[in-house]
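Here is the structure we will look at.
The values are calculated or read from the model by the stated rules, or taken from the named source; none is laboratory data. Because the structure is a prediction, the values reported are computed rather than measured. Counting neighbours? That spans all protein chains shown, and the Cβs are built from the backbone with ideal geometry, glycine included.
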Amino acid sequence: MSTLDRPSSDPVGSPAAELRIQRYSPDHLAPPVGAYSHLATVTGAARWVFISGQVGANPAGDVPADVAAQTRHTLRNIEALIAAAGGTPQSIVRLMTFLVGQENMAAYAEARNEILSEWFPAGDLPGHSLAIVSALAQPQLLVEIEGWIALPHPA
């Protein structure tokens with residue numbers, strides 16, 4: 001039985017917040033085909049934060065040419081936005097990725113897995129969908145990621 005076969009529960013914020021995010025994949029389903037859990041449930045009083053599609057641009061607007069660097073920078077941008085809202089990556093309930101071209105899948109997955117294993121060392125990954133697309137808003141962009149975040153209400 002892997003750690004994803006049973007519910008895991010991560011408290012988010014102070015105990016007074018009573019906010020819990022549970023991520024798991026039930027035994028009666030096939031295991032996830034990627035880096036995600038089949039279910040993510042949020043219980044308690046949550047303040048929902050929705051992160052618009054982020055890309056791998058640095059603060060000056062420069063975008064690396066390769067998908068692995070764009071993926072790492074995109075996820076670090078998401079991490080910074082979550083911190084600005086008062087949370088940590090453990091607050092992530094779900095991600096949605098748009099990736100240009102199937103040929104970029106391996107490099108994207110390697111970079112994504114590197115960051116997600118840092119954020120979720122126990123393997124209790126958030127929900128995650130991925131769509132292969134023909135293009136994004138600008139030709140140099142290869143990956144865009146949105147996020148759904150559950151945070152406790154401020155004290």
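Under 7 Å between Cβ atoms, at least 6 apart or on separate chains: pull out the pairs that start in region 130-155 with a residue that is under 22 Å from Ala80 (Cβ atoms) and end on any residue that is among the charged types (D, E, K, R) and modelled with pLDDT of 95 or more.
Correct list of pairs: Leu136/Glu144; Trp148/Arg94.
For Ile115, work out the one condition from (1) in a helix (DSSP H, G or I); (2) over 24 Å from Asp62 (Cα atoms); (3) among the aliphatic types (A, V, I, L, M) it doesn't fulfil.
Only one criterion is unmet by Ile115, namely (2).
What are the residues in region 86-119 that are within 12 Å of the chain's Cα centre (by Cα) and either crowded, with 20+ Cβ neighbours inside 10 Å or β-branched (Val, Ile, Thr) (or both), if any?
Thr88, Ser91, Ile92, Val93, Leu95, Thr97, Arg112, Ile115, Leu116
Considering every residue within region 25-42, establish whether at least one is in contact with an Asp or Glu (Cβ under 8 Å, 6 or more places away or on another chain) and modelled with pLDDT of 95 or more. Lay out the reasoning, then the answer.
So in region 25-42, the residues in contact with an Asp or Glu (Cβ under 8 Å, 6 or more places away or on another chain) come out as 25-27, 37.
Okay, now just the ones that are also modelled with pLDDT of 95 or more, so none.
No, because not a single residue in region 25-42 is in contact with an Asp or Glu (Cβ under 8 Å, 6 or more places away or on another chain) and modelled with pLDDT of 95 or more.
Is it the case that Thr71 is at pLDDT 85 or above and among the hydroxyl-bearing types (Ser, Thr, Tyr)? Lay out the reasoning, then the answer.
Values: at pLDDT 85 or above: yes; among the hydroxyl-bearing types (Ser, Thr, Tyr): yes.
Spelling it out, Thr71 is indeed at pLDDT 85 or above and among the hydroxyl-bearing types (Ser, Thr, Tyr).
Give me the pairs: first residue in region 75-91 and among the basic types (Lys, Arg), second residue part of a helix (DSSP H, G or I), beta-carbon distance under 9 Å, and six or more apart or on different chains, which are they?
Arg76/Ile115
Failed condition for Gly123, given (1) on the phi > 0 side of the Ramachandran plot; (2) assigned to a strand (DSSP E or B), with all others met?
(2)
Among (1) over 13 Å from the mean Cα position of the chain (by Cα); (2) modelled with pLDDT of 95 or more; (3) under 22 Å from Asn104 (Cα atoms), which single condition is Ala83 missing?
Ala83 satisfies every listed condition except (3).
Under the condition of being without any contact (Cβ under 8 Å) to a residue 60 or more places away in the chain and among the aliphatic types (A, V, I, L, M), which residue from region 57-74 is farthest from Glu114 (Cα to Cα)?
Ranking the qualifying residues of region 57-74, first place goes to Ala60.
Identify, please: which residue in region 100-115 is of a type in the set (A, V, I, L, M) and touching a Leu at 6+ places or on another chain (Cβ under 6 Å) and is, among those, nearest to Pro32 (Cα to Cα)? Please lay out each step first, then the result.
Applying the first criterion (of a type in the set (A, V, I, L, M)) to region 100-115 yields 100, 105-107, 109, 111, 115.
Going one step further and asking which of them are touching a Leu at 6+ places or on another chain (Cβ under 6 Å), we end up with 100, 115.
Working: Val100: 22, Ile115: 18 Å.
Among those residues, the one meeting the criterion is Ile115.
Evaluate region 57-69: report whether one residue or more is closer than 25 Å to Leu19 by Cβ, in contact with a strand residue (DSSP E or B) (Cβ under 7 Å, 6 or more places away or on another chain) and surrounded by 14 or more Cβ atoms within 10 Å (Cβ to Cβ). Step through it out loud before you land on a result.
Step one: list which residues in region 57-69 are closer than 25 Å to Leu19 by Cβ, which gives none.
No: zero hits.
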